[in-house]
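Before any comments, here is the structure.
The values are calculated or read from the model by the stated rules, or taken from the named source; none is laboratory data. Bear in mind the structure is a predicted one, so any value in this text is a computation, not a measurement. As a convention, Cβ positions derive from the backbone with ideal geometry for all residues, glycine included, and neighbour counts pool all protein chains shown.
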Amino acid sequence: KHLVVSVMAGVTMQQIRDETKSKCRVIRTMPNTPLLALLGSVAYCTDSSATEKDAKLVDDMFTAMGYCVRIEEKQMDLIPGVAGSSPAFVAIFIDALADGGVQCGLPRGLAVDRKSV
């Protein structure tokens, strides 16, 4: 039995098993973009055939890059709206603050430099 680790949003573990037509072990994950900078988070859930060793493998892999939490699959579709999209909203907010600083006369470099505050 193979272990399938999915990062596909909205695709359930049952859909993965159905598409692969196998009795594979499945772990569904939802990483967010800040993980690329080792500052993000990942939520994951396991199906009944995945072992604790499988879960530890995924947990260790993603914890090395950021925060990792195990949840139930019924919670998985909530994660993109809460943890997946929220860094983008924060970035938009920070950019808007910088735009305000520029409109008030600050050079853009100073308006976006967090060390200047």
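Determine whether Cys45 is farther than 27 Å from His2 by Cβ and either within 11 Å of the chain's Cα centre (by Cα) or at pLDDT 90 or above (or both).
Values: farther than 27 Å from His2 by Cβ: no; either within 11 Å of the chain's Cα centre (by Cα) or at pLDDT 90 or above (or both): yes.
Against the criterion (farther than 27 Å from His2 by Cβ and either within 11 Å of the chain's Cα centre (by Cα) or at pLDDT 90 or above (or both)), Cys45 does not qualify.
Scan segment 5-20 and tell me whether some residue there is more than 15 Å from Ile71 (Cα to Cα), within 16 Å of the chain's Cα centre (by Cα), buried (at least 16 other Cβ atoms within 10 Å of the Cβ) and not hydrophobic (A, V, I, L, M, F, W, C).
no
Say whether the condition of being at pLDDT below 95 and among the aliphatic types (A, V, I, L, M) is met by at least one residue in segment 21-34.
yes
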